[in-house]
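Down below is the structure, laid out as structure tokens.
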Amino acid sequence: MGDFLETDEKVLISLCKRGDLSAYDRLMQRYEKKVYALCFRMVGNQDDAADLAQEAFLKAFRALSSFNGQAQFSTWLYRIVTNTCLDEQRRQARRPQLLSLDKPLNTEDGQLLLTLPAEASDPLDTALSQETEAEIKTLLSMLPASQRIVLVLRDMEGYSYEEIAQILNINGGTVKSRLNRARARLRDLYLKKEELFRPTVHLNRKERRDRL
Amino acid sequence: MSCEKFTKNMGAYLDCVLSGKELSEFQEHLSVCNTCRQEAEELQSMFSWLKQAGELTPPKDLRKSVLAELKKEQGRKGIRSFPGFSYAAPAAVVLIMLVVGNLSLLLPLHVSDAVPMRAAYQQESGTVTPPADAIIYTEDSPDNEQVSEKSELSSEVERNPSPRLLVLNLVLIPLFLFFSLRFQQNRKEAG
Ligand SMILES: [Zn+2]
């Protein structure tokens, strides 16, 4: 079964190299869920995630002629996806910060969070899981992109250390240490989340000092 | 008790990739060290919190919009996607330029050859009856008539080449720029 799929994929890829778009449609169908999930976990909103996934798929098709089959196609594709996401994060970091309601703001008092009701999507979703989803999104956005990507790949998308090393083109040791740092940081945020998500927004420096 | 060497392995332990002696040592340490045990528990709790993240569904038109964009690109390429076109076009431009450039060079070459001749002749014709020393120059040519014929031709040519060259350059330079830009675009799209 796995062998068949692999052969089938090779056929699809060689058709794509000759410009066959219906073959590319089938290839995308296999990966769109994972590609989109990766983009969403990196940017935290549907519109940007869809844009990034589209951009990555376009880049992949244009670059297919350089894919020589030495690496797994999935690894090659995810590398394009993560690069696209990281480039976008870099671009956004360079841009002057706009006030965004669902992102943490850095004030001189420390971090200030405005929490809004999670976006209504699937009516079947319970309020609880929507809340968790919003929390995850917010706390992930507080990690540096290079740590976030490793944590998302490992702890949310379930890739092995080796796969992550290949996707990000870094060595295994770097994966390990970056993952450890990312987890430690996210754990700290996770333990403080009740405090972070408390509805009242922020205490000024004096009040905070008094409380402590 | 040094926890450092164990915290380094915490990730591997939680990912179940620790084995053998390392694993048994780690487990032994956890049974006696509250700090590390607490850290492991906190991380486990964070993992199960992360696992609550729902499955994500890509937008329905994701593939469709990718394919639409690619179709547009393929249409735009059209003839350009013919293999070797990207090399053929600039090669043709270079060839045309060589041919035209040589043609345009032929004329000024003729002129520059003729100039000293004409200058010499003008010196001669300045006087109605050429002095005796002028014969030294005309001695080389079979007769004086031929020299005068040549100089008439060359003086006519000399009036023409600069506007002709100007026109050629006016045509060639934009043509060259146009094609080199197109070439670069092709390369970019292909890359
Ligand atoms: Zn310990």
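Scan the range A:64-73 for residues that are open to solvent by 30 Å² or more (accessible area, probe 1.4 Å) and in a helix (DSSP H, G or I) and jot them down. Matches in the range A:64-73: A:65, A:66. The residues in the range A:12-25 that are without any contact (Cβ under 8 Å) to a residue 60 or more places away in the chain, in contact with a helix residue (DSSP H, G or I) (Cβ under 8 Å, 6 or more places away or on another chain) and more than 8 Å from chain B (Cβ to nearest Cβ) can be counted, and the count is 5. Taken as a whole, the structure places residue B:57 among residues that are away from the ligand (no atom under 12 Å from the Cβ) and either surrounded by 15 or more Cβ atoms within 10 Å (Cβ to Cβ) or within 57 Å of the chain's Cα centre (by Cα) (or both).
Only a single criterion out of (1) away from the ligand (no atom under 16 Å from the Cβ); (2) in a loop (DSSP other than H, G, I, E, B) is not satisfied by residue B:2, namely (1).
For the range B:6-28, taking the residues that are outside any loop (DSSP other than H, G, I, E, B) and exposed (fewer than 11 other Cβ atoms within 10 Å of the Cβ), the one that is nearest to the ligand (Cβ to nearest atom) is identified as B:21. When residue A:137 is tested against the conditions (1) touching a Lys or Arg at 6+ places or on another chain (Cβ under 7 Å); (2) within 30 Å of residue A:197 (Cα to Cα), the lone failure is (1). For the range B:37-54, state whether one or more residues are facing chain A (nearest Cβ under 10 Å), more than 15 Å from the ligand (Cβ to nearest atom), assigned to a loop (DSSP other than H, G, I, E, B) and under 30 Å from residue A:26 (Cβ atoms). Yes, the range B:37-54 has at least one match. Inspection of the range A:26-35 finds a residue satisfying the criterion of being more than 23 Å from the chain's Cα centre (by Cα) and either modelled with pLDDT of 95 or more or more than 9 Å from chain B (Cβ to nearest Cβ) (or both).
Could you pull out every one of the helices (runs of 4 or more DSSP H) wholly within the range A:125-195 that has 2 or more residues that are open to solvent by 50 Å² or more (accessible area, probe 1.4 Å) and within 12 Å of another protein chain (Cβ to nearest Cβ)? Working first, answer last.
Details: elements: A:127-141, A:145-151, A:161-168, A:172-191.
Those helices (runs of 4 or more DSSP H) span A:127-141, A:172-191.
Give the range A:36-60 a look and list any residue that's among the polar types (S, T, N, Q) and facing chain B (nearest Cβ under 10 Å), or say none. Matches in the range A:36-60: A:46, A:54.
The values are calculated or read from the model by the stated rules, or taken from the named source; none is laboratory data. Here the structure is a predicted model, which means the values were calculated and not measured. Methodologically, a virtual Cβ is constructed for each residue, glycine included, from the backbone with ideal geometry; neighbour enumeration extends over all protein chains shown. The area values use the complete protein model at the heavy-atom level, side chains included, leaving out ligands, DNA and RNA. Shrake-Rupley method; radii C 1.70, N 1.55, O 1.52, S 1.80 Å.
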